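The structure under discussion appears below in the form of structure tokens.
Since every read-out is calculated from the coordinates, none of them should be taken as a lab result. Every value quoted in this text rests on a predicted model; they were computed, and no experiment measured them. Positions of Cβ are backbone-derived with ideal geometry, glycine not excepted, and every protein chain shown enters the neighbour counts.
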Amino acid sequence: PRTGSVPYDRRDSRFAGIVTALILLATLLLLGFSIYLASALGFIHLPGFGGSNATPTSSVLPLQVPDLRGKSYQAASTAATKAGFILKPSNGTTGVVINQSPLPFTFAAKGSDIRVTFGSATQTVVVPPNLVHNNLSSAEQILNNVGITYTVSPDGTNPNNRTPNIVSRVDPTSGTTIPKDRTVILYVQNYTTSTPTSAPTVDPTPANT
């Protein structure tokens, strides 16, 4: 052979190598395109693919929990639904709501449950003010006006320099919410059950002259 010439078998081997590399490259490109197309059509899921088409997750804003205590089942259910919650009774639906979770005026996710407990409906009343330091008859009148039963008890003090029958303390104290059938105790200082009467003035008998 001539000097510097490349043998035919070596040139054929180099050409075959180039063709093989091109075939492998084309195969990889076709495989990659097939995977991309399958991911785009939703046949397979690959992280990082189709991110722009993903449905965003909506954030759930918290809502204020309504106060359902003292309400019947129907009223509590209506209030819970209107506020965006679901009422879940734990012990039936008789009576009124006496307890709830979450607590009123806290915040919870929209559509979440409010678990409630029902109990008997008991009428309540607030112990009125202006009882302490008032005289007994006035304090009794105040309690009678709001329909609260009461008892009177001496407070054990009888200072000589104090006016009799003055209310020194009340149990329960004014402002307390109590069942309407509960009895309030009025503690009275210098307690007396009767008003003292003054002795009649006796005119001196004129002496006989």
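Distance in nm between label sites at Q123 and T27, each 7 Å beyond Cα in the beta-carbon direction?
Distance between the two pseudo-spin positions: 9.3 nm.
Could you order peptides 64-76, 22-34, 82-94 by the average number of other Cβ atoms within 10 Å of their residues, highest first?
Highest mean packing first, the order is 64-76, 82-94, 22-34.
What net charge do the residues around V170 carry, taking every other residue with its C-beta under 15 Å from that of V170, with Lys and Arg at +1 and Asp and Glu at -1?
That sum, taken over residues with Cβ under 15 Å, equals -1.
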